[in-house]
Amino acid sequence: MALDRKPSPNDLNAFWMPFTANRQFKKNPRMFVAAKDMHYTTADGRQVLDGTAGLWCCNAGHCRPKITEAIQKQAAELDYAPAFQMGHPIAFELANRIIDIAPKGIEHVFYTNSGSESVETALKMAIAYHRARGEGARTRLIGRERGYHGVNFGGISVGGIVGNRKMFGSLLTGVDHLPHTHLPQLNAYTKGQPEHGANLADDLERIVALHGAETIAAVIVEPMAGSTGVLMPPKGYLEKLRAITKKHGILLIFDEVITGFGRLGSAFAAQHFDVLPDMMTTAKGLTNGVIPMGAVLTTAEVHDAFMNGPEHMIELFHGYTYSGNPIASAAGIATLDTYKEEGLFERAAELETYWGDALHSLKGLPHVIDIRNMGLIGAVELEPIAGEPTKRAFSAFLAAYEKGILIRTTGDIIAMSPPLIISKSEIDELIGKLGDVLKSLA
Ligand SMILES: Cc1ncc(COP(=O)(O)O)c(C=O)c1O
């Protein structure tokens, strides 16, 4: 039924907000109206220090001039062009720029608009890759408990966060999960990669024995699991996964939507851990979060398997209206320029020790049961309130916002991933204020 009135501009009802407690939020909204570098400005004029790079995406900070100008210029020059059977130069230029910083062996870029779409694309590519090579029985997909791979059906099927799965029916068939790697009894308060847990990768051998390698297309994991609350890969774990997948002809997909573009101090986690997957999913930091864009990166082997048959035939029946959108491509190039000119990946590596020491200084504060960090990412895990999981961390989130810092929580874990431009004094401010928040919690 048509509305008989226009909603007033201040009516919060129409926008059904994602991953939000809508009713609670709308009673007491928290609004950002502007942003610059490390800070947001709230509707009531306060400055909030961004401890999360938006949603793990504004790696170069906010409203960076080069990116803003590139978008403005591109919007005035070529706003849109189809990418199906047509091209425009800037999308090709960006693809080459991505490959320049990607691990050696990664040679092709397939554009999407988000991390979730990158995951769906990679899963479909994996199944189609095997079929193109005459191994059409390889259709199973293996994810991991506590994994986050976005919100589309493939992603939640291979994902392992219960709340994101249980409302949505039976999901994809033919999916199995590796165990997660969170071992707090053995690894609590680790800086960098934990000592214990590499053997959890051996579970893949059990899964292979159960289903038969010839039915498995791919294993997908986050090299560092972010959204579940920042779980670093145990030492040797990713290497084992790589060895087992290779042994059985299974593709390995790294979901680098968070770890891509400098978060761990290298362009990609694959370089940081020196493990080469067959495919990588990316988004977020690709355009500094400014314009939606994602990309799946593949080896030549994956790509070339499709380049058979008559040349006039489409090789992969997949793509999006906005794949390689010119404005997003311009934002991507300007973002990569900014990372390079300001040495931001190196900066993340240089700040890792300072960041880690600051975070670990929170050990011993009320309710803190674990702290972990790597690159410019870190987590503080809190003891849940008995019978009320998530409530303590969410109270910390609200108190932090009042104190002028933006943090993120998932379950009872506080996660932080500041823009890579953060200064040491801003790290002190962020951690100092978080410490005050923790001391004030019930
Ligand atoms: C590892 C990973 N994969 C996929 C996604 C989904 O990305 P998007 O929200 O852009 O769809 C995310 C988002 O946080 C993520 O962390």
Does the stretch 40-51 contain at least one residue that is out of contact with any helix residue (DSSP H, G or I) (no Cβ under 9 Å at 6 or more places or on another chain), β-branched (Val, Ile, Thr), more than 16 Å from the ligand (Cβ to nearest atom) and free of Cβ contacts under 8 Å to residues at least 60 places away in the same chain? yes
Scanning the stretch 243-283 for residues that are among the hydrophobic types (A, V, I, L, M, F, W, C), part of a loop (DSSP other than H, G, I, E, B) and farther than 23 Å from residue 329 by Cβ, the one nearest to the ligand (Cβ to nearest atom) turns out to be 264
Where a residue in the stretch 154-175 is more than 22 Å from residue 225 (Cα to Cα) and its partner, wherever it lies, is modelled with pLDDT of 95 or more, with Cβ under 7 Å and at least six apart: 168/156; 174/139; 174/140; 174/141
Conditions: (1) exposed (fewer than 14 other Cβ atoms within 10 Å of the Cβ); (2) within 25 Å of residue 264 (Cα to Cα). Residue 183 meets all but one. Number of the miss? (1)
All positions within the stretch 122-144 that are out of contact with any helix residue (DSSP H, G or I) (no Cβ under 9 Å at 6 or more places or on another chain) and assigned to a loop (DSSP other than H, G, I, E, B): 134
Tell me which of these residue 154 doesn't satisfy, since it passes every other one: (1) under 18 Å from the mean Cα position of the chain (by Cα); (2) surrounded by fewer than 19 Cβ atoms within 10 Å (Cβ to Cβ); (3) not acidic (Asp, Glu); (4) not in a loop (DSSP other than H, G, I, E, B). (2)
Filtering the stretch 109-137 down to residues that are over 19 Å from the mean Cα position of the chain (by Cα) and buried (at least 19 other Cβ atoms within 10 Å of the Cβ), which residue is nearest to residue 320 (Cα to Cα)? 125
When every residue in the stretch 137-157 that is touching a His at 6+ places or on another chain (Cβ under 7 Å) and farther than 14 Å from residue 251 by Cα is compared, the one nearest to the ligand (Cβ to nearest atom) is 155
Out of the stretch 183-228, which residues are under 17 Å from residue 374 (Cα atoms), of a type outside the set (Lys, Arg) and either in a strand (DSSP E or B) or within 16 Å of the ligand (Cβ to nearest atom) (or both)? 222, 223, 224, 225, 226, 227, 228
Residue check: is residue 102 within 13 Å of the ligand (Cβ to nearest atom), under 21 Å from residue 301 (Cβ atoms) and crowded, with 21+ Cβ neighbours inside 10 Å? no
What's the number of the only condition in (1) touching a strand residue (DSSP E or B) at 6+ places or on another chain (Cβ under 7 Å); (2) aliphatic (A, V, I, L, M); (3) part of a loop (DSSP other than H, G, I, E, B) that residue 119 fails to meet? (3)
Residues of the stretch 370-399 being within 17 Å of residue 184 (Cβ to Cβ) and in contact with a Pro (Cβ under 7 Å, 6 or more places away or on another chain), in sequence order, are 370, 392
Answer with yes or no whether residue 162 is within 15 Å of the ligand (Cβ to nearest atom), surrounded by fewer than 23 Cβ atoms within 10 Å (Cβ to Cβ) and hydrophobic (A, V, I, L, M, F, W, C). no
Got a number for residues in the stretch 397-420 being part of a loop (DSSP other than H, G, I, E, B) and crowded, with 22+ Cβ neighbours inside 10 Å? 6
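The values are calculated or read from the model by the stated rules, or taken from the named source; none is laboratory data. As the structure is a computational prediction, the values presented were derived from the model and not from experiment. When we count neighbours, we look across all protein chains shown, and the Cβ atoms used for this are built from the backbone with ideal geometry, even at glycine.
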